[in-house]
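Below is one structure, written out as structure tokens; comments come after it.
The values are calculated or read from the model by the stated rules, or taken from the named source; none is laboratory data. Because the structure is a prediction, the values reported are computed rather than measured.
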Amino acid sequence: MNTPFQGLISFVNSVSQGFAPGYINSPLRGFAYTRIKMMKENNRSLRFAVCIQNDEYPASLERHKIYRVLPDEEAEPDGDIRIIDESGEDYLYPAEWFVAIAVPHEVKISLLHVSKIR
């Protein structure tokens, strides 16, 4: 799969394998590797879910709509999930009201763009 950072990833891989000798001790090598690692972690941390129940909060949640999920380790053991709702703010809702979904990278970009417009 090609990503917008494929060239940078190839460069870092070639440096780590010794194919770019002038860059082995370069500070750019560490920077590039760290940047790629951060991008991969951020991409994994972007989670989305579809709302399947909104009985108590119809103004805040729309059924069948995709919402961004924010990590909240304290809420998860209680059966809650942190969602950016229709207000544009994040709130806790019962996790059973949502179904986690995997979305392609292009869809993630679109969903994030839409959420920033509000």
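Residues that are within 13 Å of ARG47 (Cα to Cα) and not in a strand (DSSP E or B): does region 72-90 have at least one? Yes, some residue in region 72-90 is within 13 Å of ARG47 (Cα to Cα) and not in a strand (DSSP E or B).
Check whether at least one residue in region 72-79 is within 15 Å of the chain's Cα centre (by Cα) and at pLDDT below 95, and report yes or no.
yes
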